[in-house]
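Asks: The structure's right below; bear with me while I get my questions together.
The values are calculated or read from the model by the stated rules, or taken from the named source; none is laboratory data. Because the structure is a prediction, the values reported are computed rather than measured. Note: ideal-geometry Cβ built from the backbone for every residue, glycine included; neighbour counts use all protein chains shown. Note: accessible area is taken over every heavy atom of the protein model, side chains too, but ligands, DNA and RNA are not part of it. Shrake-Rupley method; radii C 1.70, N 1.55, O 1.52, S 1.80 Å.
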Amino acid sequence: MELSYCVTNTDARELALACVDAIKRAHPDGLEHEIIVLDNASQDGSAAALGAIEGVRVITRERRGGAASNRTILLREARGELCLLLDEDTELRPGSVAALVAALRAEPRAAVAGAQLVYPNGSKSPCAWRLPGVGTAIAQLLFLGGALVTQSGGGAVRTVGWVQSAAMLVRREAAQAVGWWDPAFFLYSDETDFQKRLHDAGWQVLHVPASRVVHREQLSTDAAGVARRIVQFHRGRDLYMRKHHSRAAVYLSRLLWSASYLPRALVAALRPGEHPGRYLLHARQALRPGSGGESMAEVAEAFNRRLSSAQAERSGG
């Protein structure tokens, strides 16, 4: 098997169906492949709808898991030499798959090739960056992140620190060699940690501008949902820093990242429709990532407890 499409879906049936439809339309002729969808304990009928599509294998999780564990399950189950990890809110464009496959075939020491993500209106989304550290924190504080940290500019294939995993082609043997994804990460920085370990093992990570993939970024728009994502983001990044950097670098980066959000909060306060409170929450969580505030991991744990209680009640009845 040459290529496995590996889609993760959580309660987004229509988006997942559209993602699979785009896979079928964008798949290059003559490339042996399979389509696997991991359904993350969805409650909207996703598993049944996806399982009814010819050629789609559905893996159903009974309990909701994090991104890292979901991706490891997909990679372990995949039979392809190359595995294209996709979020359910992505849509492959014609030529996107062929460009990613060609990039990895042209560079045998590359383990990952990331697509250029675009918004539904066609504009580019930042999707490749330098690996996090004190230097990137300083750049953000000085408003130089776009120039010094973001690496998804240009039109040629280039080696980068890490790419966003919404549309990421992975050489399966490399993923297995570094021990898959680290399950300690629930969401955010899970792919960063994975790619850091690939770099440490001598592999390269590529950004492929010719591969265009629409990413709808269906994030929660309610205040509580946004707050949970902010909390989860900083806990994930801090876990990455503690795993790969010294204690001094961890504490210095916390201070730098926290300080970088304060002028942004001030600017937001002066602009109609902006949300300075979100920047202040970023500042607080960057400084004290383990502080109060519900994370997405905790929401998933509560969801799983409710499922267990409901199943116990049905069994008892």
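Asks: Tally the residues that are in contact (Cβ under 8 Å) with a residue 60 or more places away in the chain and either touching a Gly at 6+ places or on another chain (Cβ under 7 Å) or under 24 Å from Ala115 (Cα atoms) (or both), restricting the search to segment 32-76. Don't jump to the end; show me each part of the working.
Replies: We begin by selecting, within segment 32-76, every residue in contact (Cβ under 8 Å) with a residue 60 or more places away in the chain; these are 41, 62-72, 74-76.
From what's left, either touching a Gly at 6+ places or on another chain (Cβ under 7 Å) or under 24 Å from Ala115 (Cα atoms) (or both): 66-72, 74-76.
So the answer is 10.
Asks: Return yes or no: is Ala312 in a helix (DSSP H, G or I) and exposed (fewer than 14 other Cβ atoms within 10 Å of the Cβ)? Please lay out each step first, then the result.
Replies: Numbers: in a helix (DSSP H, G or I): yes; exposed (fewer than 14 other Cβ atoms within 10 Å of the Cβ): yes.
In short, yes.
Asks: Here are some conditions: (1) closer than 29 Å to Arg93 by Cβ; (2) open to solvent by 60 Å² or more (accessible area, probe 1.4 Å); (3) at pLDDT below 95. Val226 meets all but one. Which one does it not meet?
Replies: (2)
Asks: Just to be sure, is Val37 over 25 Å from Ala106 (Cα atoms) and part of a strand (DSSP E or B)?
Replies: yes
Asks: Have a look at Arg278, Arg271 and point out the one that is open to solvent by 20 Å² or more (accessible area, probe 1.4 Å) and assigned to a helix (DSSP H, G or I).
Replies: Arg278
Asks: With the requirement that a residue be more than 16 Å from the chain's Cα centre (by Cα), under 29 Å from Glu173 (Cβ atoms) and not basic (Lys, Arg), what does segment 106-129 give you? First the steps, then the outcome.
Replies: Filtering segment 106-129 down to residues more than 16 Å from the chain's Cα centre (by Cα) leaves 106-111, 120-124.
Within this subset, residues satisfying the condition of being under 29 Å from Glu173 (Cβ atoms) are 106-111.
Residues satisfying the conditions are Ala106, Glu107, Pro108, Ala110, Ala111.
Asks: Another one. Taking the options Arg172, Arg247, name whichever one is at pLDDT 95 or above, more than 14 Å from Ala68 (Cα to Cα) and touching a Gly at 6+ places or on another chain (Cβ under 9 Å). Explain how you work it out, then say what you get.
Replies: Numbers: Arg247 fails: touching a Gly at 6+ places or on another chain (Cβ under 9 Å).
Among Arg172, Arg247, only Arg172 is at pLDDT 95 or above, more than 14 Å from Ala68 (Cα to Cα) and touching a Gly at 6+ places or on another chain (Cβ under 9 Å).
Asks: Among the residues in segment 277-294, are any on the phi > 0 side of the Ramachandran plot, of a type outside the set (A, V, I, L, M) and in contact with a helix residue (DSSP H, G or I) (Cβ under 7 Å, 6 or more places away or on another chain)? Step through it out loud before you land on a result.
Replies: Kept after step one, since they are on the phi > 0 side of the Ramachandran plot, are these residues of segment 277-294: 293.
Within this subset, residues satisfying the condition of being of a type outside the set (A, V, I, L, M) are 293.
Of the ones still in play, those that are also in contact with a helix residue (DSSP H, G or I) (Cβ under 7 Å, 6 or more places away or on another chain) are 293.
Taking every residue of segment 277-294 in turn, at least one turns out to be on the phi > 0 side of the Ramachandran plot, of a type outside the set (A, V, I, L, M) and in contact with a helix residue (DSSP H, G or I) (Cβ under 7 Å, 6 or more places away or on another chain).
Asks: Right, something else. Evaluate the following for Ala128: is it in contact with a helix residue (DSSP H, G or I) (Cβ under 8 Å, 6 or more places away or on another chain) and in contact (Cβ under 8 Å) with a residue 60 or more places away in the chain? Steps first, please.
Replies: Details: in contact with a helix residue (DSSP H, G or I) (Cβ under 8 Å, 6 or more places away or on another chain): no; in contact (Cβ under 8 Å) with a residue 60 or more places away in the chain: yes.
The answer is no for Ala128.
Asks: Please list, ordered by residue number, the helices (runs of 4 or more DSSP H) wholly in segment 99-184 having 1 or more residues that are buried (at least 19 other Cβ atoms within 10 Å of the Cβ). Please lay out each step first, then the result.
Replies: On the way: elements: 134-141, 145-148, 172-177.
Filter on segment 99-184 gives 134-141, 172-177.
Asks: Here is a list of conditions, (1) over 26 Å from His282 (Cα atoms); (2) not in a strand (DSSP E or B), and Lys196 meets all of them except one; can you say which number that is?
Replies: Going through (1) over 26 Å from His282 (Cα atoms); (2) not in a strand (DSSP E or B) one by one, Lys196 breaks only (1).
Asks: Kindly check whether there is at least one residue in segment 194-208 that is open to solvent by 40 Å² or more (accessible area, probe 1.4 Å) and farther than 24 Å from Leu3 by Cα.
Replies: Yes, there is a match, as at least one residue in segment 194-208 is open to solvent by 40 Å² or more (accessible area, probe 1.4 Å) and farther than 24 Å from Leu3 by Cα.
Asks: Looking at segment 1-31, which of its residues are open to solvent by 10 Å² or more (accessible area, probe 1.4 Å), touching a residue at least 40 places away in the same chain (Cβ under 8 Å) and not in a helix (DSSP H, G or I)?
Replies: Within segment 1-31, Met1, Glu2, Thr8, Thr10, Ala12, His27, Pro28, Leu31 meet the criteria.
Asks: Restricting to segment 35-75, and then to whatever is among the charged types (D, E, K, R) and within 20 Å of Arg25 (Cβ to Cβ), can you tell me which residue is surrounded by the fewest Cβ atoms within 10 Å (Cβ to Cβ)? Outline the logic, then answer.
Replies: Step one: list which residues in segment 35-75 are among the charged types (D, E, K, R), which gives 39, 44, 54, 57, 61-64, 71.
Narrowing further to those that are within 20 Å of Arg25 (Cβ to Cβ): 54, 57.
Values: Glu54: 6, Arg57: 15.
Within segment 35-75, the match that is surrounded by the fewest Cβ atoms within 10 Å (Cβ to Cβ) is Glu54.
Asks: Can you tell which of Ser211, Ser253 is open to solvent by less than 10 Å² (accessible area, probe 1.4 Å), assigned to a strand (DSSP E or B), touching a Ser or Thr at 6+ places or on another chain (Cβ under 9 Å) and in contact (Cβ under 8 Å) with a residue 24 or more places away in the chain? First the steps, then the outcome.
Replies: Working: Ser253 fails: assigned to a strand (DSSP E or B).
The conditions single out Ser211.
Asks: Out of Asp200, Asp190, which single residue is of a type in the set (Asp, Glu), modelled with pLDDT of 95 or more and under 14 Å from the mean Cα position of the chain (by Cα)?
Replies: Numbers: Asp200 fails: under 14 Å from the mean Cα position of the chain (by Cα).
The conditions single out Asp190.
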